[in-house]
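Worksheet: one structure, shown below.
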Amino acid sequence: MIHVPSPRVQRGVSMIEVLVAVLIFTIGLIGLGGLLITATKSNVSAYFRTQVTFLANNMADRMRANPLGLWNGNYDSATYPITGTAPVCDATAGCTPAQVATRDQIVWSQQLTASLPAVGPTSINCVKAANDPTAQYAMRPPYSGTCTMTVTWAERGLTGGDDKVTAGNLQSFTWVFQP
């Protein structure tokens, strides 16, 4: 004789199979959600690193355009971002190289604070190879000497809160270049 299971038993097995499938699907969705969060954090981090690279190149170009101000030490500072009023440089009242450097520092500092969530200790330090900066202008660029630019920032929400500049969780970008 052939034994045929009752319809009631068959329905119960189908219900258990459906519940197990829903459980597996739910676990997969939770994993996908975690992956989405990690990808979003990585994208935000990459965005800030791109901004820092752009800002560093921007300031390096400003420094290259003002070699007298650069090699006289007018861009050197360990206290970026710098606040203040930028000197007005136009056709009627030209600026000295030091004033151009001050304007560049203030504008760059404004860009830093606008582009990064929390700017930490940031510095620029240039070391010239020749003692007399005017001797370098007879050379072809790059002039002898190097500059070290360090930009630090805290990424928003990195430690579960808002901007944590003093928490020791700063990201850093250091670049040694010849202007």
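A simple rule links phi to the HN-Hα coupling: the Karplus curve 6.51 cos²θ - 1.76 cosθ + 1.60 with θ = phi - 60°, which for segment 87-93 gives x, 8, 10, 9, 5, 7, 10 Hz, with x for Gly and Pro.
Panel note: the C-alpha atoms of segment 17-112, placed on their principal axes, show extents of 83, 23, 23 Å (largest first).
Throughout, read-outs are computed from the coordinates displayed, never taken from laboratory work. Fair warning: this is a prediction, and the values are worked out from it, not measured in the lab.
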